[in-house]
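Only the coordinates and a few stated rules stand behind these numbers; no lab work does. What you see is a predicted model, and the numbers here were worked out from it, not measured in a lab. Quick reminder, even Gly has a Cβ in these numbers, built from the backbone with ideal geometry, and neighbours come from all protein chains shown.
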Amino acid sequence: MTLRIILRGLLVIAVLLLIGYSLRDVLDQQWVDAQIRGRGATGELLFVVICVLLGSVGLSRQVIAFLGGYAFGVGYGFVLSMLATVAACMTTFYLSRFLLRAFVWRHFSERVRRVDDFIRDNTFMMALLFRLLPLGSNWMVNIGAGASGVRSVPFFAGSTLGYVPQMLIFSLLGSGARVDEFWQVVLAVVLFVVAAVIAAYLFRQYRQGRILTRSTGDKIGV
């Protein structure tokens, strides 16, 4: 599983870098400079609003972080993309919970059950681990969590903390693609591999702990 996670993540990195390098002149001169980087707080707000809207309907958080790093550099790009991603997560969650619950259960009942089974026992930890690992669709997790009965506060807290490593890594990638800093790209790839290995290890440890706990409980009649 760890190797598959790493390969999938490296493929995402390669695709984003290819897009960034091929479009950097157009983005720099015609959009980023005109609409985002050169407009102060207005451009920053525009970036966050657009990313919240697109993120709430499925835009990848890696893409949001990459664009944030591309437009604002590593530090500020990371902060703004984190803000947009968490807001998009909350938007999708509450739309699913209060407005679309019947529709989601009717059309995606099996996925909702899988999400609920995965995170209901320890919502904070499982949300954290799921965000650390590039597994499945984060958008569908937000929808499934909203439609299920999981508590919102630990879900948002675990998600926010779990977003940090990959958001920082892809902000670093975006900044490197913009300013031709090859060392930033290399550092981002190394950090991604390390984070994926650690996250996969933590997931295995947590899953084994759950299996052991359930097995012990069954034996003593719990």
Tally Lys/Arg at +1 and Asp/Glu at -1 over every other residue whose Cβ is under 15 Å from the Cβ of L161; what's the total? +2
Table column - 3J(HN,Hα) (Hz), region 188-202, Karplus curve with 6.51, -1.76, 1.60, x for Gly and Pro: 5, 5, 4, 4, 5, 4, 4, 5, 5, 5, 5, 5, 5, 5, 4
What ranking do V141, V49 get, fewest neighbouring Cβ atoms within 10 angstrom at the top? V49, V141
Extension gain Q35-L99, at 0.36 nm per residue separation less the Cα-Cα distance, in nm? 19.7 nm
Values of log10 I(q)/I(0), in the order q = 0.15, 0.17, 0.23 Å⁻¹, for region 49-132 under a Debye, Cα-only, solvent-free model: -0.65, -0.80, -1.13
Calculate one ³J(HN,Hα) per residue across region 70-79 by plugging θ = phi - 60° into the Karplus curve 6.51 cos²θ - 1.76 cosθ + 1.60, and present them in order as whole Hz with x for glycine and proline. 5, 7, 10, x, 5, x, 6, x, 5, 4
Output wanted: per-residue J couplings in Hz (rounded whole) for region 100-115, from phi through Karplus 6.51 cos²θ - 1.76 cosθ + 1.60, θ = phi - 60°, x for Gly and Pro. 10, 4, 4, 5, 5, 5, 6, 9, 10, 4, 5, 5, 4, 4, 5, 4
